[in-house]
Amino acid sequence: MVPRFWRKIKYRYDVVASYCENCGNYYYPQREICPKCRRKGKIKDAKICDEGRVLSYTILDGKCIALVELENGTKMLTEVCGKVEIGSKVRKAFRRYGEESEDGIIYYGTKFVPIESDKKQKA
Amino acid sequence: MRKVAIVGVGSTEFGELWDKSFRSIFLSAGLSALEDVGIGGKEIEAIYVGNMSGGKFIDQEHIAALIADHSGLAEFGIPAVRVENADASGGSAFRQAYMAVASGIHDIVIAAGIEKVTDANDPMEVLSTAIDQEWERFIGADLPAIYAIIARLHMHRFGTKEEDMAMVAVKNHRNAVHNPRAQFRKEISVEDVMGSPYVAEPLKVLDCAPLSDGASAVILASEEVAKKLCDDPVYIDACTQASDYFSIQNRRDILTFDAVVRASRKAYKIAGIEPKDVDVAEIHDSFTITEILAYEDLGFAKKGEGANLIREGETEIGGKIPVNTSGGLKACGHAVGATGIRQIVDLVLQLRCEAGKRQVNAEKALALNIGGSGATAVVTILSR
């Protein structure tokens, strides 16, 4: 079940984090308040890098679910389409998540792909 | 703050209780706790009940008033409240009951936990509502997946082996053999665990606690009342709770449960003891890796060295710090919201020397109840 407000989540389709201008910390998923600075914090949208490394992962029902560490230290739980190991470099990709029903809304969002296999695909 | 004691304990068998209803499971645990202390029930001033998801498991909310009624306590109109903190619901309910007596508001209360999971189509799906639906569940992770990600990094960074995790399950099954209320009263081998299919790599079926039906109840009283009621009250030296960032993606280090570190350090301080003073512990082994992480976060081992305790038999009955003499969640069963109370019941039996063949020599006992992937931790220290 996906809540209706899902479509209202501005950055479901892109990796946009929050950045606190007061302390310089990045947060993903986005936050409305900086847990370090609280009222003094100044939360802004921040585009974060498209590449990261696999910190750890599991294989669940044939799918690779990984915790990816992005360059600024932000961690992101995501599906990786392809074979990876701890430390593998990955980049973000726009992928299908699923659909509400056969004729229903299709959900899209960000997944990651291994950078190596990406090169092979292009070749 | 007053000193608080546990004067009575009771628990149902954990397992697949197909032939019993939610309310009757609760009643049987509650009645055995009352019987244990030898009171009728009229004396009880409040009920605190841990339950994760009556709504999703059996389509029933408002369960505290329901079970108060079925227990015959609606007659007295005492307050009843349900506490929800995923699988730390029981521990959290216990802490609310403890605070109610310690503060002087009530003299004698019941803290219970109950879950009926086998009527649900997919109990693990319900348990996975303990993780972030928007940012973890949505991308396809479930609770075992989160622990699997933690387990793989623990293996990579510290050299923990799948066999080490398997040994946790083997130990807990061995302990359960002599526990009359345990779901799986049979031994398993490391080979059995290693040969069981993957649930979420590297975690296998036999690394995971089952989801069970069951209820447990304990009766708490002020020291003054406790001394009148029984000869062998077990005292609550500390009962602390802490929270952490909800999702592993926001944690400082996914291999440390800061909630466990914080709650346990505070509990040790209040109780005036150190980790080495703990004689017996019931630890939330929802997955085998959870028990290994807990050894480290509770201070029984240094970070990264948790597997050494299981390799060297230190947490076996007869070891330096026996852990999960009940069989733990893995083999005694995990009746989600009841687990935190069930841990207290088993520790009270140990401290009263009523644990039968599982008996260890203990003065100080510790319980750790964890919610979901570690965002909630409740630590209780008991002494006789």
- Note on the structure: Exactly one of B:His173, B:His178 is part of a helix (DSSP H, G or I) and either farther than 23 Å from B:Gly372 by Cα or more than 14 Å from every other protein chain (Cβ to nearest Cβ) (or both), and that one is B:His173
- Matching residues, the stretch B:230-276, being surrounded by 18 or more Cβ atoms within 10 Å (Cβ to Cβ), of a type outside the set (Val, Ile, Thr) and under 18 Å from B:Val109 (Cα atoms): B:Cys230, B:Pro233, B:Asp237, B:Ala238, B:Cys239
- Query: Given the residues B:Ala74, B:Ala86, B:Ala120, B:Ala100, which is the only one that is under 19 Å from B:Ala367 (Cα atoms) and aliphatic (A, V, I, L, M)?
  - Reply: B:Ala86
- Checking B:Gly313 against (1) farther than 21 Å from B:Gly340 by Cα; (2) within 15 Å of the chain's Cα centre (by Cα), which single condition isn't satisfied? (2)
- Query: So B:Lys161 clears everything in (1) over 15 Å from B:Glu291 (Cα atoms); (2) out of contact with any strand residue (DSSP E or B) (no Cβ under 9 Å at 6 or more places or on another chain); (3) surrounded by fewer than 22 Cβ atoms within 10 Å (Cβ to Cβ) except one condition, right? Which one?
  - Reply: (1)
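Table: residues versus (1) surrounded by fewer than 21 Cβ atoms within 10 Å (Cβ to Cβ); (2) of a type outside the set (A, V, I, L, M).
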residue	(1), (2)
A:Thr58	no, yes
A:Gly73	yes, yes
A:Met76	no, no
A:Cys81	yes, yes
A:Tyr97	yes, yes
A:Asp103	yes, yes
A:Val113	yes, no
- Query: Considering only residues of the stretch A:60-71 that are more than 13 Å from the chain's Cα centre (by Cα) and at the interface with chain B (Cβ under 7 Å from one of its Cβ atoms), which is surrounded by the most Cβ atoms within 10 Å (Cβ to Cβ)?
  - Reply: A:Leu60
- Message: I need the full set of residues from the stretch B:255-271 which are in contact with a strand residue (DSSP E or B) (Cβ under 8 Å, 6 or more places away or on another chain) and either in a loop (DSSP other than H, G, I, E, B) or outside the structural domain of B:Asp346 (by TED's automatic domain parsing) (or both), in order please.
- Response: B:Phe257
- Determine which single condition B:Gln343 fails, assuming it passes every other condition in (1) over 19 Å from B:Tyr295 (Cα atoms); (2) part of a helix (DSSP H, G or I). (1)
- Would you mind listing the helices (runs of 4 or more DSSP H) fully within the stretch B:1-74 where at least 3 residues are out of contact with any Asp or Glu (no Cβ under 8 Å at 6 or more places or on another chain)? B:22-37, B:63-70
- Among the residues of the stretch B:114-126, how many are among the hydrophobic types (A, V, I, L, M, F, W, C) and assigned to a helix (DSSP H, G or I)? 2
- Query: Any residue at all in the stretch B:127-137 that is facing another protein chain (nearest Cβ under 9 Å), outside any helix (DSSP H, G or I) and not polar (S, T, N, Q)?
  - Reply: yes
- Message: When the residues of the stretch B:191-244 are narrowed to those that are basic (Lys, Arg) and outside any strand (DSSP E or B), which ends up nearest to the other protein chains (Cβ to nearest Cβ)?
- Response: B:Lys227
- Item | Unique match (being among the small types (Gly, Ala, Ser) and touching a residue at least 60 places away in the same chain (Cβ under 8 Å)) among A:Gly62, A:Gly104, A:Gly98, A:Gly109 | A:Gly109
- Query: So, in the stretch B:99-126, of the ones that are among the hydrophobic types (A, V, I, L, M, F, W, C) and within 14 Å of chain A (Cβ to nearest Cβ), which residue ends up surrounded by the fewest Cβ atoms within 10 Å (Cβ to Cβ)?
  - Reply: B:Met124
- Item | Whichever residue in the stretch A:16-59 is free of Cβ contacts under 8 Å to residues at least 24 places away in the same chain and among the acidic types (Asp, Glu) and, among such residues, is farthest from the other protein chains (Cβ to nearest Cβ) | A:Glu21
- Note on the structure: Going through the stretch B:345-360 in order, the residues found to be in contact (Cβ under 8 Å) with a residue 60 or more places away in the chain and under 13 Å from B:Val323 (Cα atoms) are B:Asp346, B:Leu347, B:Gln350, B:Arg358, B:Val360
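Results for (1) of a type in the set (Gly, Ala, Ser); (2) in contact (Cβ under 8 Å) with a residue 60 or more places away in the chain, shown as yes or no for each residue.
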| site | (1), (2) |
| --- | --- |
| B:Gly50 | yes, yes |
| B:Phe57 | no, yes |
| B:Gly72 | yes, no |
| B:Gly77 | yes, no |
- What about B:Thr339, is it among the polar types (S, T, N, Q) and over 26 Å from B:Arg82 (Cβ atoms)? no
- Task: Would you be able to say whether some residue in the stretch B:145-152 is facing chain A (nearest Cβ under 9 Å), touching a residue at least 24 places away in the same chain (Cβ under 8 Å), part of a helix (DSSP H, G or I) and closer than 25 Å to B:Ala93 by Cβ?
- Result: yes
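The values are calculated or read from the model by the stated rules, or taken from the named source; none is laboratory data. Keep in mind the model is a prediction, meaning the values are calculated, not measured. Cβ: placed from backbone, ideal geometry, glycine included. Neighbour counts: every protein chain shown.
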